[in-house]
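The values are calculated or read from the model by the stated rules, or taken from the named source; none is laboratory data. The structure displayed is predicted, hence computed values, not measured ones. Methodologically, a virtual Cβ is constructed for each residue, glycine included, from the backbone with ideal geometry; neighbour enumeration extends over all protein chains shown.
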């Protein structure tokens, strides 16, 4: 049975915080690997805006120069690439996760269940702050549901994220992919907008900021098997929704990553199929426009996960 790796991050509403780490768990053979990955997903999570810039990450450390975190919750830090200049940007008694730099490096978006005046419910919300010193914190999502895992569009104008909970734009309350204006949280839109029992998450922008790919799980017209598939949608209005991977039953496709020119998508796939009779996790590539041209790139008897696409040929 395929499951998703999770970390246990529970706010006042009692809902479980899902890790960004995409589901690597398959049976007992991978149990040790998954336990390690799930247990360290938040501690290891990091992002950086270009060569020689500061690195942002989440940590529950309580000691060290510049650290002020006596309660041991997760806070957002930045550090120089050489390991010096540690700086703590968030200070509260709850959890701050998933830091993501804006393309120009001046802002950091993150999710937080801080129960301060900006979030009296204490549920997970999407915040943004100045990357230099953590000032100017603003609750962008600011609703009564849980919002996770922000990602900036390459042009810096939008933020996409996961959202779960009953709201006007999502009466079923399942996981959906949303987008909003990065400056003030206005213009919120449910892009995936599927029926109850379908979970959509882990959005990734195309290099031109015009499209989003995401992972969808659950029975729907374009996926009658209900397994994990990679979908594409227009980032502006949610139109043009298409199942790109569209594989058979018990084949699961996740962890999409665009090529720099936006024409290809790399992803991980597991489950028996002609190009992978063993059914282990392999790294695939396909056309971003229509899902054609699928190719198993790693094609071996072991498991390969979580592709990313370099910006310059080696």
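Read through the list (1) within 27 Å of residue 217 (Cα to Cα); (2) modelled with pLDDT of 65 or more, then give the number of the only condition that residue 71 fails.
Here residue 71 clears every test but (1).
Could you pull out the residue among 97, 170, 139, 130 that is without any contact (Cβ under 8 Å) to a residue 40 or more places away in the chain and touching a strand residue (DSSP E or B) at 6+ places or on another chain (Cβ under 6 Å)?
170
Would you point out the residue of segment 104-133, among those that are assigned to a loop (DSSP other than H, G, I, E, B) and crowded, with 19+ Cβ neighbours inside 10 Å, that is nearest to the chain's Cα centre (by Cα)?
124
Which of the residues belonging to segment 134-177 are surrounded by fewer than 19 Cβ atoms within 10 Å (Cβ to Cβ) and either assigned to a strand (DSSP E or B) or under 14 Å from the mean Cα position of the chain (by Cα) (or both)?
Of everything in segment 134-177, those that are surrounded by fewer than 19 Cβ atoms within 10 Å (Cβ to Cβ) and either assigned to a strand (DSSP E or B) or under 14 Å from the mean Cα position of the chain (by Cα) (or both) turn out to be 138, 139, 167.
Specify the residue that is surrounded by the most Cβ atoms within 10 Å (Cβ to Cβ); the eligible residues are those in segment 297-314 that are over 23 Å from the mean Cα position of the chain (by Cα) and over 15 Å from residue 255 (Cβ atoms).
Of everything passing the filter in segment 297-314, 299 is surrounded by the most Cβ atoms within 10 Å (Cβ to Cβ).
Within the group 235, 257, which residue is touching a residue at least 12 places away in the same chain (Cβ under 8 Å), within 17 Å of the chain's Cα centre (by Cα) and under 11 Å from residue 211 (Cβ atoms)?
Criteria check complete, one pass: 235.
Filter segment 260-278 down to residues that are free of Cβ contacts under 8 Å to residues at least 60 places away in the same chain, over 20 Å from residue 210 (Cα atoms) and touching a strand residue (DSSP E or B) at 6+ places or on another chain (Cβ under 6 Å) and give me whichever is surrounded by the most Cβ atoms within 10 Å (Cβ to Cβ).
Checking each candidate, the answer is 269.
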